[in-house]
Amino acid sequence: MTAEIGQAAIALSVLSALWAIGFLCVGLRLRNARAVQSGRNAVAATFFLTCISTGALIYGFVTDDFSMRYVVEVSSAAQPLLYKITALWGRMSGSLLFWLWLLTLSGVLVVWQSRKHTRDNLADYALVPIAIVQLFFILLVTGITDGVYNPLVRFPGGQVAPDGQGMNPLLQTPSMAFHPPTLYIGWISMTVPFGFAVGALASGHVGSNWILRSRRWMLFSWIILTIGITLGGNWAYRELGWGGYWAWDPVENASFMPWLLGTAYLHSVMIQEKRHMFKLWNVLLITLAFQFTLLGTFITRSGIITSVHSFAQSNVGWYFLGFILASTAGVIALIVYRRERLKSENRLESLLSRESAFVLNNWLFVGLTLIILWGTLWPILSEAINGEKASVPEAFFNQVVIIPGLLLLFLTGAGPIISWKKLTPNNFRRMFVSPLGIGVIAGALTWGFLAWRGNPMPIYSVLCSFAAVFVLAAIFSEFYRGAKLRAKRQEGSFFDGLTRLVMRNKRRYGGYIVHIGIVILYIGIMGSKGYFLLESDGLKLGESMQVGTFNLTMKDWFQERHANYARAGVVFDVEKNGRPLGEMKPARHYYEKTGQGETDTIESAIRHFGANDLYIALGDLPPNIDNGGIVNVQVYHNPLINVVWLGVAVMVLGGLVAIAEKHQPKPEE
């Protein structure tokens, strides 16, 4: 009966979404407060109905209701409770329902947040596009396409399967329990700033109010998306056995492109708030960021691109493409209609100014996005042109993003310290000379160090060191000057001055902390991507291998039985420079119920040494391992890999500081 209630709730949510769209539009058009309130209530009703349907599906998982088709496809009786619940997004139909639930949650939060904003109706205008997006997903979940079915349907004739097929083993990891939902939350929360942008265009109030009202939503989206992307990289690092965390996979790119555009938007809106410029830029950036979240879903679910992360091939992706084109056309029509109001009130006065730095920043982010999009879609384009799918190697992306990436790194330091309107000689002497000098010294030291180590002295490493140290010097000098001045005014300690400085302007100094995290991230990427050490060998029990300063001896093997898989692996004694460091136990998991995934997964053994990792992955284990069977072993020494995770943590910390600042939006004139 639970499943039938869930199906009924989905059907009713079609009506509630249509009710919300209709009454909000009529109420806003006729300035009828009662009709607008009815539309708001319908948004809340859609959320309530989606809660019922989502809860019904989760109940089916927890109770092992194998009369439900979706439960059979992604769960099994032996599956741990955590993975029964996370099976909700284990395949396409359930993931779309989960997406819909998060989307309706966003809508009802907008209703709740705007309950005190009686001076304007901007939130009501924003709810219209949000409700339209909700309706699109509701229709998908009802099963209107061949590739998606209602996840609450039962097998015909009252059939009940004896057990489920189980979830893809690659998804049965802690990282995958949290990586997809964080990505979904990051993507979906971009719908709200997009809704406010469309609402501003529709209402004609295209000043800064819509930006202020949606600022926290966008920061929240950026923070969560940063965490989600990192969790995905950490999952790839731990579970795929290749020693890396980012391979420019199409689905990785699909999550990264909205992040790039969202980052550009967060920088660009500051110019609109400060100088009343870039109004059109900001509408376009948030529209692109939102549309790229849908494009990522199209890539993931259409089957047109092969990826370890992607869902099965279906035609649902083409519905996403159609919705992207239709909604983009609607925004363009509104932009044309409001083109006079979108004109900037000020002009760029100099190429050397903070405004120009933000323009360059925008173009670099958009350019990077287009480069990644081109590389991601090239297999499709090559097939259309030549009849063959040409893969794009990781080296292509690594090469083409270097120059834009280094320029963006430099701008994280130059942008905040360059003066508005025009760079003055005094501003250059006071803010730039010392950081530039320190950066040049760092670049020269890097050059010398690489030459001493016998490396080919790649110019990119030198430029990265120069830019990273320049940014750190510029930002720390900002903190130092501000804290010292505030401590002098308050007659307190330097630490008190620093605390007051950050607390009085959380957005600005939270942004500086984010920039520090980005520098740390760049340093980690430079080390872990360019200088890891790999050794591969086939070993018998008792044999050893040397990896740099590490010696590994395979002394034993083991087998374990768990609820829904068997674990088998080997035991290594690890020494560094002759000093024992203990044991490492790489393994493989063998699953009985695998859905449509592989039957086994690689469970790498990772040992942390400060910023570095020793990483061991196993090939297939031979059945005669006790009698001279050879085990294929890959060992990586990854320098600075933990600096990558540290950099992301600092970025998230800065985002949390920035989001804590309160803004009181003013009504549009």
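Only the coordinates and a few stated rules stand behind these numbers; no lab work does. For clarity, every value in this text was computed on a predicted model and none was experimentally measured. When we count neighbours, we look across all protein chains shown, and the Cβ atoms used for this are built from the backbone with ideal geometry, even at glycine.
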task = Please turn the phi angles of segment 59-74 into ³J(HN,Hα) values with the Karplus equation 6.51 cos²θ - 1.76 cosθ + 1.60 (θ = phi - 60°), one per residue in order, whole Hz, x for glycine and proline.
result = 4, x, 5, 5, 8, 6, 7, 7, 8, 9, 4, 5, 4, 5, 6, 10
message = Please rank Glu349, Glu388, fewest neighbouring Cβ atoms within 10 Å first, as an exposure proxy.
response = Glu388, Glu349
query = Out of Ile10, Ala200, Ile138, whose Cα points farthest toward the positive end of the dipole of the chain (charges: +1 Lys, Arg; -1 Asp, Glu; placed on Cβ)?
reply = Ala200
task = Obtain the radius of gyration and the Kirkwood radius of the chain from its C-alpha atoms and give Rg over Rh.
result = 0.99
request  = Under 14 Å Cα to Cα from Lys421, which aspartates and glutamates show up? Leave out anything in the same chain fewer than 8 places away.
outcome  = Glu345, Glu349, Glu355
Helix-only CD estimate at 222 nm, as mean residue ellipticity for the chain, using -39500 (n - 2.57) per DSSP H run (n ≥ 4) = -21500 deg cm²/dmol
query = What list do you get for Asp537, Asp496 if you sort them by fewest beta carbons within 10 Å?
reply = Asp496, Asp537
ask   = Taking +1 at the Cβ of each Lys and Arg and -1 at the Cβ of each Asp and Glu, which of Leu406, Ile625, Pro169 sits farthest along the dipole of the chain towards its positive end, judged by Cα position relative to the Cα centre?
value = Leu406
message = Would segment 133-237 count as rounded, prolate or oblate if I go by the C-alpha gyration tensor, calling it rounded below 1.5 in a/c and otherwise prolate when a/b exceeds b/c, oblate otherwise?
response = oblate
message = Quick check: the distance between the Cα centres of segment 571-632 and segment 463-494, to the nearest angstrom?
response = 46
ask   = Treating the beta-carbon of each Lys and Arg as +1 and of each Asp and Glu as -1, no other charges, what is the dipole magnitude of segment 1-167 about its Cα centre, to the nearest 20 debye?
value = 800
ask   = Please report, for the Cα atoms of segment 533-638, the Rg to one decimal and the Dmax as a whole number; what are they, in angstrom?
value = 14.2, 46
request  = For the pairs Lys274/Lys506; Lys116/Lys662; Lys422/Lys506; Lys540/Lys585; Lys422/Lys488, note any where the Cα-Cα span goes beyond 24 Å.
outcome  = Lys422/Lys506; Lys422/Lys488
note = The answer for Trp557, listing residues at least 5 apart or on another chain whose modeled amide H is closer than 5 Å to its amide H, is Val571
remark   = segment 388-434, convex hull of Cα, quarter of hull surface, nm² -> 5.3
Integer Hz, Karplus 6.51/-1.76/1.60 couplings in order for segment 538-551, x for Gly and Pro = x, 10, 9, 4, x, 8, 10, 9, 10, 10, x, 8, 9, 10
request  = Sort all Cα-Cα distances of segment 592-644 into consecutive 10 angstrom bins from zero, then give the percent of pairs in each bin up to the one containing the longest distance.
outcome  = 21, 33, 29, 16, 0
query = For Val128, Val514, Val160, Val366, what's the fewest-to-most ordering of other Cβ within 10 Å of each Cβ?
reply = Val160, Val366, Val128, Val514
key: Longest to shortest principal axis, alpha-carbon extents of segment 1-153, angstrom   = 56, 29, 24
message = How big is the dipole moment of the chain about its Cα centre under a simple scheme where the beta carbon of each Lys and Arg is +1, that of each Asp and Glu is -1, and everything else is neutral? Debye, nearest 20, please.
response = 3640
task = Might you report the magnitude of the Cβ-based charge dipole of segment 360-517 about its Cα centre, with Lys and Arg at +1 and Asp and Glu at -1, to the nearest 20 debye?
result = 1200
ask   = Considering the dipole of segment 1-167 built from charges on the beta carbon (Lys and Arg +1, Asp and Glu -1) around the Cα centre, which of Met68, Gly27, Pro151 is farthest to its positive end?
value = Gly27
request  = Search the structure for amide H atoms under 5 Å from the amide H of Phe609, placed 1.01 Å from N in the peptide plane, and list their residues when 5 or more places away or on another chain.
outcome  = Leu614
task = Enumerate the amide H contacts of Glu603 below 5 Å, restricted to partners 5 or more residues apart or on another chain; note that Pro and chain-start residues carry no placed amide H.
result = Ala587, Arg588, His589, Leu618
